[in-house]
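Rule-based calculations on the coordinates, nothing more; no lab input. Bear in mind that the values here come from a model prediction, so they are computed numbers and not experimental data. Heads up, the Cβs are rebuilt from the backbone with ideal geometry, glycines too, and the neighbour counts pull from every protein chain shown.
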Amino acid sequence: MTVLELRGIVKAFGDDVVLRGVDLAVDEHRVVALIGGSGSGKSTLLRCASLLETVDDGQVLLDGEDVTDPRVDADQVRRRMGVVFQAYNLFPHLSVLDNVTLAPTVVHGRSRAEAVEEARALLDRIGLADKAAEYPDRLSGGQQQRVAIVRALAVRPRVLLLDEVTSALDPELVGEVLSLVREVAAQGMTIVMATHEMGFARQVADTVAFLDGGVLLESGPPAQVLGEPQHPRTRQFLARVIDAGRL
Amino acid sequence: MALASTLLFAAVAYLAVTSSPGWPRVQATFFSPSVALESLPDIARGLLVNLQVLVVGGLLVLLVGLGTAALRTLRGPAFAPLRLLATAYVDLFRGMPLIIVLYLVGFGFPALGLQGVPTSPFVLGTAAIVLVYSAYVAEVFRAGIESVHPSQRAAARSLGLTHRQTMRIVVLPQALRTVTPALLNDFVALQKDVGLISVLGAVDAVRSAQIQVGQSFNFTPYVVAGLLFVLLAVPSARLADAVTARARRRQQSGSLL
Ligand SMILES: Nc1ncnc2c1ncn2[C@@H]1O[C@H](COP(=O)(O)OP(=O)(O)O)[C@@H](O)[C@H]1O
Ligand SMILES: [Mg+2]
């Protein structure tokens with residue numbers, strides 16, 4: 001069953017056409033890794049998928065429903081997706097617990113007690129139960145990003161969109177965030193993740209999709225796209241990544 | 001050292017003033033203890049009127065200022081007229097001297113002779129002050145709202161919060177923290193500008209002093225009124241300083257993103 005489907009997504013900022021008709025289908029319980037050079041449009045694609053940007057052309061379908069239809073209430077759609085950003089974007093004026101319970105209580109109308117109980121269980125699972133009352137600036141980058149993932153999970157999303165969630169982290173903190181993503185994926189969450197971590201993509205992703213100049217040049221199983229890339233641009237990109245020591 | 005030099009400077013200034021040829025006359029007409037004591041009760045009663053304007057006006061300024069700022073930060077073509085209106089309001093009242101707004105509102109409105117339009121100088125004076133100060137405060141709020149990084153909005157909206165919820169729960173609390181020092185400074189300014197309602201004939205501290213000056217041909221009541229305003233302003237000025245220092249410390253420790 002397809003949870004998230006992108007059909008011919010076109011997005012321009014002024015004269016700068018960033019996405020030139022991108023198609024992508026993500027089946028339930030599957031992990032899609034979105035790779036591509038800096039500026040290739042990965043973030044923009046994820047922002048279009050999560051309705052944080054309006055598309056200029058094409059459709060986003062969530063569980064078969066065209067959610068880019070202007071008659072659809074975008075707020076209602078966004079609450080069914082989870083997004084995690086490169087820079088964590090926790091709310092600095094709210095405690096860790098309040099960051100996690102905000103959407104469940106305010107958006108989903110769950111009782112405070114229920115939301116707190118669930119948030120504590122999630123924080124406990126990532127070993128941060130003792131940080132519930134702390135403010136985000138008291139946490140390390142890795143801890144903040146794990147809280148951000150938990151905050152996105154707390155709304156029980158249909159799909160989780162991760163935008164280079166380890167790119168802002170010190171190298172020694174990358175592991176703890178990746179292992180959380182791995183765990184979330186293992187539990188069956190449908191995930192689209194933009195990433196530069198090719199090793200991780202190879203292990204966890206079901207599909208790797210290579211974005212270049214706003215076009216999805218090729219996609220397929222990790223062994224194929226990362227092992228025997230068909231397109232010269234993909235080979236070029238992967239060679240650069242290998243040079244940078246990330247494969 | 002700082003204290004010693006300050007004291008020395010004060011002593012020299014004091015001697016220079018008190019040894020000037022006109023000093024005895026100035027002392028008698030501006031600093032007469034008996035006139036001061038006599039005028040104090042009326043002026044203090046007048047100051048209560050200023051305090052009322054300050055409290056009522058201050059609260060209204062917060063509301064109108066915040067509302068105007070919210071209108072100016074609305075996005076999208078549908079809100080263009082509202083944005084334009086808010087911008088025009090801010091430009092108009094930020095540029096116009098308060099005293100002119102006081103005259104226009106205070107004398108213009110009653111002249112219309114409309115039913116139900118209040119004629120009390122207290123109400124009209126407060127309205128004029130609110131009009132002018134809200135324009136300033138709206139800009140303070142707007143700067144605060146825009147200082148909150150767009151990624152905070154994106155995070156809130158991605159969780160499904162509506163525009164309003166995002167403003168109320170995520171943006172405004174952070175903006176408020178940033179602008180509190182500036183708001184307190186505006187409050188200090190407001191504390192003395194409430195004395196201007198006297199030009200409309202409201203019997204406040206300034207007007208009371210004026211009446212007594214007219215009766216006694218002695219300017220000491222003005223000095224008394226002035227000092228009372230200073231006393232009123234000092235605590236909020238200190239509070240503004242403390243809050244500013246705290247905000248700076250927090251910023252230096254880099255707690256905001
Ligand atoms: N809000 C925006 N306004 C203008 N240009 C943008 C905006 N967001 C992204 N871009 C441009 O779109 C292109 C793709 O950016 P992005 O999606 O962030 O790429 P990636 O995430 O793959 O590095 C870049 O050239 C970038 O400058
Ligand atoms: Mg990006």
Original post:
Nearest 20 debye, what's the magnitude of the dipole of segment B:1-136 about its Cα centre given +1 on Lys and Arg Cβ and -1 on Asp and Glu Cβ?
Top reply: 400 debye
**OP:** Taking H placed 1.01 Å from N in the peptide plane, check which residues at least 5 places from A:MET81 or on another chain put their amide H under 5 Å from its amide H.
**Re:** A:ARG158
Subject >> Exercise: per-residue mean of other protein chain Cβ atoms within 10 Å, A:93-105 >> reply: 2
**OP:** Give me the net charge of A:LEU128's neighbourhood, meaning all other residues with Cβ under 12 Å from the Cβ of A:LEU128; Lys, Arg count +1, Asp, Glu -1.
**Re:** +2
**OP:** Determine which residues of segment A:105-134 fall in the zone a paramagnetic label at A:GLN187 would reach in this model, i.e. backbone nitrogen under 18 Å from the point 7 Å along Cα→Cβ.
**Re:** A:105, A:114-132
Subject >> Mean shadow area of segment B:1-50, taken as a quarter of the surface of its Cα convex hull (nm²) >> reply: 5.4 nm²
Subject >> Positive dipole terminus of segment B:32-252, leading residue within B:LEU40, B:PHE109, B:ALA242 (C-beta point charges) >> reply: B:ALA242
**OP:** Excluding residues on the same chain fewer than 8 positions from A:LYS42, give the lysines whose Cα lies under 26 Å from its Cα.
**Re:** A:LYS11
Original post:
Given 0.36 nm per residue, what is the gain on full extension from B:ALA143 to B:SER34 after removing their alpha carbon distance, in nm?
Top reply: 34.3 nm
**OP:** Could you work out the Kirkwood radius for chain B, taking every pair of different alpha carbons, averaging 1/r and inverting it, reported in Å?
**Re:** 21.5 Å
Subject >> Furthest towards positive pole of dipole, B:MET96, B:PHE219, B:PHE122, structure part segment B:32-252, Cβ charges >> reply: B:MET96
Original post:
Expressed in nm to one decimal, what extension gain is obtained for the pair B:LEU104 and B:LEU48 from 0.36 nm per residue of sequence separation less their Cα-Cα distance?
Top reply: 17.7 nm
Original post:
For the protein assembly as shown, what is the percent of antiparallel DSSP beta bridges, rounded to the nearest 5?
Top reply: 55 percent
**OP:** Would you mind getting the Kirkwood hydrodynamic radius of chain A from its Cα pairs, rounded to one decimal in Å?
**Re:** 18.5 Å
Original post:
How large is ³J(HN,Hα) for each residue in segment B:127-143, as worked out from phi by the Karplus curve 6.51 cos²θ - 1.76 cosθ + 1.60 (θ = phi - 60°), to whole Hz, x for Gly and Pro?
Top reply: 4, 4, 5, 5, 4, 6, 5, 4, 5, 5, 5, 4, 5, 4, 4, 5, 4
Original post:
Dipole of chain A, Cα-centred, from +1 at each Lys and Arg C-beta and -1 at each Asp and Glu C-beta, to the nearest 20 debye?
Top reply: 240 debye
Original post:
Once amide H atoms are built 1.01 Å from N in the peptide plane, which residues 5 or more positions from A:VAL22, or in another chain, come under 5 Å H to H?
Top reply: A:GLY8, A:ILE9, A:VAL10
**OP:** Quick one: P(r) of the protein assembly as shown from all Cα-Cα pairs, 10 Å bins, percents rounded to integers, in order of increasing distance.
**Re:** 4, 15, 20, 18, 14, 11, 9, 6, 3, 1, 0
Subject >> Estimated D of segment A:91-156 in µm² per second, where Rh is the Kirkwood radius over Cα pairs and Stokes-Einstein applies at 25 °C, 0.890 mPa s >> reply: 215 µm²/s
Original post:
Across peptide A:173-184, how many C-beta atoms of other chains are within 10 Å of each residue C-beta, on average?
Top reply: 0
Subject >> Global geometry of segment A:1-144, whether rounded, prolate or oblate, following the gyration tensor of its Cα atoms and the 1.5 cut on a/c >> reply: prolate
Subject >> Check: chain B dipole with +1 on Lys, Arg Cβ and -1 on Asp, Glu Cβ, in debye >> reply: 1100 debye
Original post:
Picking from A:SER50, A:ALA133, A:SER38, whose Cα lies most toward the positive end of the charge dipole for chain A (charges on Cβ: Lys, Arg +1; Asp, Glu -1)?
Top reply: A:ALA133
